[in-house]
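Enquirer: One structure follows; several queries about it will come next.
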Amino acid sequence: MYDTEQEQIEAIKRWWATYGNGVIGGILVALIAYFGWLYYSNSVQAKQEAASGMYITLMELVDDTSSDAGERLALAQALKSDFPDTTYAVYAAFQAAKEKVEQGDLAAAEEELSWAVDNSDALLAPVARVRLARVQFARDNTSAALATLDSIETEGYDLVINELRGDIHSADGDADAAREAYRLAYEQAQQQGVESPYLKMKLDDLAAMTDDA
């Protein structure tokens, strides 16, 4: 306690002389951090909104039967170029790959999906890899397709992966590997309550081929 108000004032002055600069520095650091975060947050939001707007326009062109494929592809490429770190860019790559498949340009479709794999987040990466594997398989590059499927670590895609793996092994003439992949896929379909008569047919056809042999 201080006997007089003057002593209290002097004590405050001494404390401020000792710690004042540190307090001011701490406040400045906090303010800089806050406004830096605010600027970053607003910048990210603005980027997401701009990317979203471009993607909406792209989807409107897709729905418009009179739109030109070149226009759609150009917009998809612009979205990928301007906002490569957004999910909308990955969706644009998916759309571009679809357009290229429809045009019969599987090499270009593979490039689009490879880009999607490299730029996807954890949620979209397995989707991109499955689509990439399908295109690689369609290009008769079965080893690359199998390697792409093997790179998928996310759970929840086993049914799709194993069925596609069975298709690839079947095309390669590896009946044993194909049968095992189809069997796993069929078991997973049953566990998930998914009706898959076509998958059952593939499995039965392989069993029949074995019996005939």
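Enquirer: Looking at the range 107-124, which of its residues are buried (at least 19 other Cβ atoms within 10 Å of the Cβ) and of a type outside the set (S, T, N, Q)?
Expert: First pass over the range 107-124, keeping only residues buried (at least 19 other Cβ atoms within 10 Å of the Cβ): 109-110, 112-113, 115-117, 120.
Hits for the range 107-124 are ALA109, GLU110, GLU112, LEU113, TRP115, ALA116, VAL117.
Enquirer: While we're on this one: Is it true that some residue in the range 86-102 is under 20 Å from LEU203 (Cα atoms) and either within 23 Å of the chain's Cα centre (by Cα) or at pLDDT below 95 (or both)? Lay out the reasoning, then the answer.
Expert: Of the residues in the range 86-102, the ones under 20 Å from LEU203 (Cα atoms) are none.
No, the conditions are met nowhere in the range 86-102.
Enquirer: In this structure, does LEU106 turn out to be without any contact (Cβ under 8 Å) to a residue 60 or more places away in the chain and farther than 20 Å from THR154 by Cβ? Spell out the reasoning first.
Expert: Values: without any contact (Cβ under 8 Å) to a residue 60 or more places away in the chain: yes; farther than 20 Å from THR154 by Cβ: yes.
Considered against the rule, which asks whether it is without any contact (Cβ under 8 Å) to a residue 60 or more places away in the chain and farther than 20 Å from THR154 by Cβ, LEU106 comes out as yes.
Enquirer: Could you please tell me which pairs satisfy a Cβ distance under 8 Å, a separation of 6+ or placement on different chains, a first residue in the range 44-68 that is small (Gly, Ala, Ser), and a second residue that is surrounded by 11 or more Cβ atoms within 10 Å (Cβ to Cβ) and not in a helix (DSSP H, G or I)?
Expert: ALA50/PHE83; ALA51/PHE83; ALA51/THR86
Enquirer: Moving on. Filter the range 54-109 down to the residues that are farther than 19 Å from LEU123 by Cβ and among the β-branched types (Val, Ile, Thr) and list them by number.
Expert: ILE56, THR57, VAL62, THR65, VAL101
Enquirer: May I pose another question? Select from the range 63-97 the residues that are open to solvent by 20 Å² or more (accessible area, probe 1.4 Å), polar (S, T, N, Q) and touching a Ser or Thr at 6+ places or on another chain (Cβ under 9 Å) and list them in ascending order.
Expert: THR87
Enquirer: For the range 130-141, give me the residue count where each residue is open to solvent by 30 Å² or more (accessible area, probe 1.4 Å) and assigned to a helix (DSSP H, G or I).
Expert: Within the range 130-141, the first condition is being open to solvent by 30 Å² or more (accessible area, probe 1.4 Å), and the residues that meet it are 131, 134, 137-141.
Next cut, assigned to a helix (DSSP H, G or I) only: 131, 134, 137-138.
So the answer is 4.
Enquirer: For the range 127-137, check the following and say yes or no: at least one residue is at pLDDT 95 or above and farther than 27 Å from MET59 by Cβ. I'd like the intermediate steps shown before the answer.
Expert: The initial filter retains those residues of the range 127-137 that are at pLDDT 95 or above, namely 127-137.
Narrowing the set further to residues that are farther than 27 Å from MET59 by Cβ leaves 137.
Yes, that holds for at least one residue.
Enquirer: For the range 196-208, state whether one or more residues are open to solvent by less than 60 Å² (accessible area, probe 1.4 Å), touching a His at 6+ places or on another chain (Cβ under 6 Å) and either at negative phi or in a helix (DSSP H, G or I) (or both). Full working, then the answer.
Expert: Looking only at the range 196-208, we keep the residues that are open to solvent by less than 60 Å² (accessible area, probe 1.4 Å), and these are 196, 199, 202-203, 206-208.
In the following step, the residues that additionally are touching a His at 6+ places or on another chain (Cβ under 6 Å) were identified as none.
No, the range 196-208 contains no residue that is open to solvent by less than 60 Å² (accessible area, probe 1.4 Å), touching a His at 6+ places or on another chain (Cβ under 6 Å) and either at negative phi or in a helix (DSSP H, G or I) (or both).
Enquirer: Going through the range 142-156 one residue at a time, which ones are surrounded by fewer than 17 Cβ atoms within 10 Å (Cβ to Cβ) and not hydrophobic (A, V, I, L, M, F, W, C)?
Expert: SER143, ASP150, SER151, GLU153, THR154, GLU155, GLY156
Enquirer: Something else about it: On the basis of being assigned to a loop (DSSP other than H, G, I, E, B) and among the hydroxyl-bearing types (Ser, Thr, Tyr), does THR154 make the cut? Even if it seems obvious, please write down each step before you answer.
Expert: Values: assigned to a loop (DSSP other than H, G, I, E, B): yes; among the hydroxyl-bearing types (Ser, Thr, Tyr): yes.
In short, yes.
The values are calculated or read from the model by the stated rules, or taken from the named source; none is laboratory data. Keep in mind that what you see is a predicted model, and the values were worked out from it rather than measured. Note that we place each Cβ from the backbone using ideal geometry, even for glycine, and neighbour counts take in every protein chain shown. Note: accessible area is taken over every heavy atom of the protein model, side chains too, but ligands, DNA and RNA are not part of it. Shrake-Rupley method; radii C 1.70, N 1.55, O 1.52, S 1.80 Å.
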